[in-house]
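We did not get these values from a lab; they are worked out from the coordinates using the rules stated. Being a predicted model, the structure only gives us computed values, none of them experimental. Neighbour counts are summed over all protein chains in view; Cβ atoms, including those assigned to glycine, are modelled from backbone coordinates with ideal geometry.
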Amino acid sequence: MQNKFFSLTFLSFFLFCLTASAQKDTILNVRLKEIQVTDHHVWTNDTVRYHFNQTKYYVQTILPYLNAATTSFNTINSKLNAENLSRRERKTFVHGEEDMLRTQFEDKVKALNETQGVLLIKLIARQTGLNIYSILSEFKNPLTAIKWQAWARFHGFNLNKIYDPADEPLLESVMFSLGYDLPDFYTNHSVAQRH
């Protein structure tokens, strides 16, 4: 019985190859969705799985704020790069975007725990290609950036740190699982060239 099955399988394969070679003018082209193959050690123990799930939960919590901040950053950036605005017009535009974000999200962002806040800062840096210190210095003023950097350093975090995907494998895995691919500027330029 096993030999008959093997013979039938081999015969089917042989006929398939024969018909495929006979139809040289037909080309089948299929584009498959890209997938990420993670190392099998991701789930080596329950602690690792817990950290992944906890990080994913935190990231899902802050995604609306991340998306709003990234959209606002891109809007401000395109507006300031597209037109010759006076310093006053620029300040008014940035202040208006800031007020809009504050009105929508201030209470919710204040309710985040410290880990969620740190993740939000890292992910804004990931999505924009700039650290928070640079963004504050550019869009607000250097004194505001220094003030918030001092506060962050007091709490053990550095707003002037450049986001490096290689330093954040867990966060990158979570972001990819949520459909947030690494922005193109990470593959087109090195981290050092961006700053």
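Report the extension gain between T71 and E138 in nm, rounded to one decimal, defined as 0.36 nm multiplied by the number of residues separating them, less their alpha carbon distance.
22.5 nm
Taking the Cα-to-Cβ direction at L112 and at K161 and moving 7 Å from each Cα, how far apart do the two end points lie in nm?
Output for this residue pair reads 1.5 nm.
At 0.36 nm per residue, and after removing the present C-alpha to C-alpha distance, how many nm does the segment from L178 to R90 gain when stretched out fully?
Working: separation 88, 0.36 × 88 = 31.68 nm, distance 3.46 nm.
Difference between extended and current length: 28.2 nm.
Got a sec to turn the phi values of segment 121-133 into Karplus ³J(HN,Hα) couplings, 6.51 cos²θ - 1.76 cosθ + 1.60 with θ = phi - 60°, whole Hz, x for Gly and Pro?
Calculated HN-Hα couplings, in order: 4, 4, 6, 5, 4, 5, 6, 9, x, 10, 7, 5, 4 Hz.
Find the Cα radius of gyration of segment 42-194, compare it with 2.2 N^0.38 Å by division, and give the number to two decimals. Present the calculation step by step, with values, prior to reporting the outcome.
Numbers: Rg = 16.5 Å, N = 153, 2.2 N^0.38 = 14.9 Å.
Its radius of gyration relative to the 2.2 N^0.38 Å reference: 1.11.
Would you mind checking K79/K108; K79/K147; K56/K110; K79/K161; K56/K108; K108/K140 for any pair whose Cα atoms are more than 24 angstrom apart?
Table pairs above 24 Å Cα-Cα are K79/K108; K79/K147; K79/K161.
Using the Karplus curve 6.51 cos²θ - 1.76 cosθ + 1.60 with θ = phi - 60°, what ³J(HN,Hα) values do you get for each residue of segment 144-160, in whole Hz, with x for Gly and Pro?
5, 4, 5, 4, 6, 5, 4, 4, 5, 5, 4, 9, x, 10, 10, 6, 8
Go ahead and collect, in residue order, the members of segment 116-133 whose backbone nitrogen is under 17 Å from a label point 7 Å along the Cα-Cβ direction of A150.
Answer for this model: 133.
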